[in-house]
Each structure stands twice: as C-alpha cells, then as structure tokens.
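The values are calculated or read from the model by the stated rules, or taken from the named source; none is laboratory data. Here the structure is a predicted model, which is why all the values come from computation and not from measurement. Because the Cβ atoms are built from the backbone with ideal geometry, glycine has one as well, and the counts that use them run over all protein chains shown.
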Amino acid sequence: MRAGQEVTEGHEKKRLGRFTKFTPELGQVIIAEVRASKSISFAAMRAGVTSKTAYNWLNKGEQAVDGPLKQFATGLRRPRLRG
C-alpha cells in the first residue's frame, strides 16, 4: 500500500498516509515562477516546498487523467516546451 491510498474497512473508506500540501493556488505560484524563466527547483523554493515535492506533483499530474495535478503538470510543461 502507498501513502495516500484509500482502504475499505467494512463500508468505510480510510485514507492512508499524509495529505498532500498541493493546492491549485500553490500550483499557480510554481507555474508563474517557471514561466518567469526560473527552474522548477527555484519555483518550488519560492512556493515553500522542496523541489522533490514539486517534481512528485509533476509526475503524479502527468499520470493523472484529470484534476488539479493534471492541470499543474500541463501548465508546467507548456512553458518548458517553448524554452
């Protein structure tokens, strides 16, 4: 089992692991910093998270079908593809 996964006990679902710090607003801060020609590592630092966390969110977003992390990954990939 991985952190953040849900398990079912009877009819009740329980979440395992820590909740993510990710919010769409925090994602927008990182995207804005990257668009200002900054690295993901620098943008993460400015947003108050580690670069490992930002890259984890990016990887999860790239695997997601939709949702806020998918939008984050898409927003990050656009400016990086232009540069």
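Brief remarks follow.
- Top-ranked residue of segment 28-43 - restricted to ones that are in contact (Cβ under 8 Å) with a residue 40 or more places away in the chain and not hydroxyl-bearing (Ser, Thr, Tyr), ranked as surrounded by the fewest Cβ atoms within 10 Å (Cβ to Cβ): GLN28
- Entirely in segment 18-64, the helices (runs of 4 or more DSSP H) that have 3 or more residues that are among the hydroxyl-bearing types (Ser, Thr, Tyr) and under 13 Å from the mean Cα position of the chain (by Cα): 51-63
- The requirement of being at pLDDT below 95, among the acidic types (Asp, Glu) and either more than 20 Å from ARG78 (Cβ to Cβ) or surrounded by fewer than 13 Cβ atoms within 10 Å (Cβ to Cβ) (or both) is satisfied by GLU9.
- Taking the criterion of being among the hydrophobic types (A, V, I, L, M, F, W, C) and surrounded by 13 or more Cβ atoms within 10 Å (Cβ to Cβ), the residues of segment 44-71 that qualify are ALA44, MET45, ALA47, VAL49, ALA54, TRP57, LEU58, ALA64, LEU69.
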